[in-house]
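What follows is one structure encoded as structure tokens, with my remarks underneath.
Please treat every number below as a calculation from the coordinates, not as lab data. Since the model is a prediction, treat every value here as computed from it, not as a measurement. A quick note on method: Cβ atoms are made from the backbone with ideal geometry, for glycine too, and the neighbour counts reach across all protein chains shown.
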Amino acid sequence: MILEAVWIALATMFANKLRTLLTVLGNIVAVAALVLVVAFTQGMNREITRAILARGADTFTVERTGPIHSDEEWERVKDRPPVTLADVEAVRRDATLAGHVLAQWNLDLPIRTAKRSVERAQVEARSGEYVYFLGEAVAVGRHFTPAEERRGVPVVLLGSDLAETLFPGETAVGRTVRIAGRHFDVIGVMEPRGAILGQSQDKYAMLPLGAALAEWGRPWEVDLVVKPERPELLDVCADEVRAVLRARRGLRPLQEDPFELLAAATYLKMYRDSSRAVYGALIGLVALALFVGGIVIANVMLMVVAQRTREIGIRKAVGARRTHILLQFLVEAATLSLVGGLLGFGIGAAVTGAAAALTPISFSIEAWSVAVGWGMVLVVAVLAGLYPAARAARLDPIVALRHER
């Protein structure tokens, strides 16, 4: 019975190709969009999560303001005192649970060689314990040592893309670069950090903080990054660092912290909160397209019921029950909808593959999105075919047999 209904539906669709295509167009667009949206969002989630966790899942950063989302937030935090090297030293001295403490000074400076230059490169001046905070290793060469950092030795590590830009097809290690006019010896090239939304994270230089202080003086503000002795002490260590910094600023118990403590989990939560509304809107548009597609299928099935009134009457006259007629038209509606879904999945997968090949953005087709898509298509098929099928099942056989085509 079910196989016969499927065969009838496929034969009807094959005989009316253009009508079938127009009928299932809504489903095709909706399912293709679902595959593409989920592939994009999952790829984005993986890229952002990887980038955030590369900073260290068991570390936290102390910043003067933290992320700013509005003018009101900026007005509230703009007058906060900076996080300084003196704060770093105080945390090293007084925070007993801090296993490693990093001071980082971020600058945008020109980097040049005899033949090539980068006008604005990200320069990370880091203190001697920086190796405990890296998410990537040295691909070629070596790290600078704590002793080199203390003495201010002018050495530098290059990100992989920056090394390729400055020394294309050549070995960067052992060469010399000029950073803001100062000479630095290249001692290593880092492994790639990767890209986010097509933007390379490897166009940077990393040098000893002591060398930066010797060349450009003491910074007004630095980033303070703390790694507790053990990962499970992260929250307790953060409380201890907060207490040290509050004491340095002479704050009373009820006064607000004039700084922000941000862990990897905090950044992930901010990203997910900000992206949830966007992804929800995209999925809502997909659901709307499926709804419209279901209305079209319901309309076509009503027309099919009207066209096959005599057939329904004959089938009832020879003993077909209401359930048989109901099942037949439900199966036909489901077949129509599922064919549209199949075409949509094929088109969505093809577009996703092309986008992944032609753009630097990451796409990831998830098995659960395929299952959800099929489920949504099946629900639409049942809802779209239920009323036309019920109407066909209720037809009086005598009235149906009198119907003129």
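Odds and ends about this structure:
- Positive contributions from Lys and Arg (+1) and negative ones from Asp and Glu (-1), summed over other residues with Cβ under 12 Å from the Cβ of Glu215, come out at +3.
- Theoretical gain in end-to-end length, Asp257 to Leu378 [0.36 nm per residue, Cα-Cα removed]: 38.2 nm
- Neighbour-count ranking [beta-carbon atoms within 10 angstrom, fewest first] of Arg321, Arg246: Arg321, Arg246
- Under 19 Å of direct C-alpha separation, and excluding same-chain neighbours fewer than eight residues apart, Lys203 reaches these aspartates and glutamates: Glu47, Asp108, Glu119, Glu124, Glu136, Asp161, Glu164, Glu170, Asp185, Glu191.
- Neighbour cut-off at most 16 other Cβ (10 Å), DSSP loop, GluC sites (Glu not before Pro), the stretch 201-250: Glu221, Glu229
- Shape call, the stretch 163-225: gyration tensor on alpha carbons, a/c limit 1.5: oblate
- Look at the Cα gyration tensor of the stretch 123-184: its axes a ≥ b ≥ c give a/c of at least 1.5 with a/b at or below b/c, and that counts as oblate.
- Protection proxy ranking of 71-81, 279-289, by the mean of other Cβ atoms within 10 Å over each peptide's residues and highest first, is 279-289, 71-81.
- Pair-distance profile P(r), taking every C-alpha pair of the stretch 81-258, with 10 angstrom steps and integer %: 9, 34, 32, 18, 6, 1
- Residue exposure sequence - Phe144, Phe291 - by fewest surrounding Cβ within 10 Å: Phe291, Phe144
- Distance between the stretch 139-197 and the stretch 337-380 - C-alpha centres, whole angstrom: 43
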